[in-house]
1. List, please: which pairs have Cβ atoms under 7 Å, are six or more places apart or on different chains, and start with a residue in segment 64-84 that is closer than 10 Å to CYS42 by Cβ and end with one that is crowded, with 16+ Cβ neighbours inside 10 Å and charged (D, E, K, R)?
2. Quick one: in segment 71-94, which of the residues that are part of a helix (DSSP H, G or I) and more than 14 Å from GLY2 (Cβ to Cβ) is farthest from the ligand (Cβ to nearest atom)?
3. Please work out if ARG31 is outside the structural domain of ASP14 (by TED's automatic domain parsing) and surrounded by fewer than 16 Cβ atoms within 10 Å (Cβ to Cβ).
4. I'm trying to understand the selection: among the residues of segment 52-70, which are surrounded by 15 or more Cβ atoms within 10 Å (Cβ to Cβ) and more than 8 Å from the ligand (Cβ to nearest atom)?
5. If we scan segment 76-96, do we find a residue that is aromatic (Phe, Trp, Tyr) and over 14 Å from the mean Cα position of the chain (by Cα)?
6. Look at segment 31-48 and say how many of its residues are within 12 Å of the ligand (Cβ to nearest atom), assigned to a loop (DSSP other than H, G, I, E, B) and either farther than 19 Å from ASP66 by Cβ or in contact with a Lys or Arg (Cβ under 9 Å, 6 or more places away or on another chain) (or both).
7. So is PHE119 surrounded by fewer than 20 Cβ atoms within 10 Å (Cβ to Cβ), touching a strand residue (DSSP E or B) at 6+ places or on another chain (Cβ under 7 Å) and not in a loop (DSSP other than H, G, I, E, B) or not?
8. Can you tell me which residue in segment 1-16 is farthest from the ligand (Cβ to nearest atom), limited to those that are assigned to a loop (DSSP other than H, G, I, E, B) and crowded, with 19+ Cβ neighbours inside 10 Å?
Amino acid sequence: MGYTAVHAGSGLLDASLDDLGCGQSWADVHRVKGLELACPECRGRVFARISPHRARHFYHQVRPRDCALANESPAHHLLKLELATAARAAGFRAELEVGNEARTWRADVLVFDEQDRPFMALEAQLSPMTPQDARMRTDRYAADGVAVCWVAMEKRPWERGVPSLRVAPPGTAGTHGRCAMEWRATPGPRHTVKTKATWTRISCSLDDAIRWILQGGVHAHTGPDGTVWWTARSYVPAYIPPHPEQPINNANAAYRRLLRDGFMPRSTPVRAARWRRT
Ligand SMILES: [Zn+2]
């Protein structure tokens, strides 16, 4: 299942956009006899369909074993759409399933800046990946000037080594599209072990997290030990303790300060579960 297909006349179709990204309508491609559509990844023939989750997409006539788009899970499929929707809600152009010319990467969601240059990839990474692979794939994007945010639904060994978010899995009663953002105090020189306990996980809506990331409200900061976390730029120097004897290692205090400065909403409204589209 993918959100994109290649149309001989119109080029790349994006099922997540009302006009399919090219001035056409869903009725122009859904159940149209004789229409030839191809998978952008494997070039196999695909057809337009609506999933049980009501997500419009394209499926392969014959499912090839080696096509990433054909073999992605329903959860991955839906999370990609959530990420694209969040990026668009934040005011950005976002394309699904787009790769670079050298074919060294293909982003689940590629986000473009005001000059229409790609600057951020949002990757729904639900299958296992080693920390080394995460770093290598992040570096491939970086070679093209594109940053990445990796999004997981469970704790992963790579989540501290690259910019990442963790979202709550869908489908559970009362579970909403939320994600966790982390930051911690910069360790003081004498607090190597203790400060590792100062990580604070912030829950917010996925929309908020993506908006902060894309609009630059938070950025991926790499600590001295290589750990990466999202934090506001103004908080990086704030974490450096004025005196080694008085380290700011209380993340709750940092969080209160963040609230006081108006960066984070005081209460994050719990949204209806957008995982289940109706
Ligand atoms: Zn394919």
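1. CYS67/GLU41; ALA68/GLU41; LEU69/GLU41; LEU69/GLU97
2. First, the residues of segment 71-94 that are part of a helix (DSSP H, G or I): 74-89.
So of that shortlist, the ones also more than 14 Å from GLY2 (Cβ to Cβ) come out as 75, 82-83, 85-89.
On the way: ALA75: 19, GLU82: 22, LEU83: 20, THR85: 23, ALA86: 25, ALA87: 24, ARG88: 24, ALA89: 28 Å.
Only one residue tops the list, namely ALA89.
3. On the way: outside the structural domain of ASP14 (by TED's automatic domain parsing): no; surrounded by fewer than 16 Cβ atoms within 10 Å (Cβ to Cβ): yes.
The answer is no for ARG31.
4. The answer is HIS53, ALA55, ARG56, HIS57, PHE58, TYR59.
5. First, pick out the residues of segment 76-96 that are aromatic (Phe, Trp, Tyr): 92.
With over 14 Å from the mean Cα position of the chain (by Cα) added as a condition, the list becomes none.
Taking every residue of segment 76-96 in turn, none turns out to be aromatic (Phe, Trp, Tyr) and over 14 Å from the mean Cα position of the chain (by Cα).
6. The number of residues fulfilling the criteria is 4.
7. On the way: surrounded by fewer than 20 Cβ atoms within 10 Å (Cβ to Cβ): yes; touching a strand residue (DSSP E or B) at 6+ places or on another chain (Cβ under 7 Å): yes; not in a loop (DSSP other than H, G, I, E, B): yes.
Yes; evaluated as a whole, the condition is true for this residue.
8. Keep residues of segment 1-16 that are assigned to a loop (DSSP other than H, G, I, E, B), which gives 1, 3, 8-10, 15-16.
Still in the list and also crowded, with 19+ Cβ neighbours inside 10 Å: 1, 3, 15-16.
Working: MET1: 10, TYR3: 12, ALA15: 14, SER16: 17 Å.
Per the criteria, the residue is SER16.
The values are calculated or read from the model by the stated rules, or taken from the named source; none is laboratory data. What you are looking at is a predicted structure, and each value in this text was computed from that prediction instead of being measured. Every residue, glycine among them, receives a Cβ derived from its backbone with ideal geometry; neighbour counts consider all protein chains shown.
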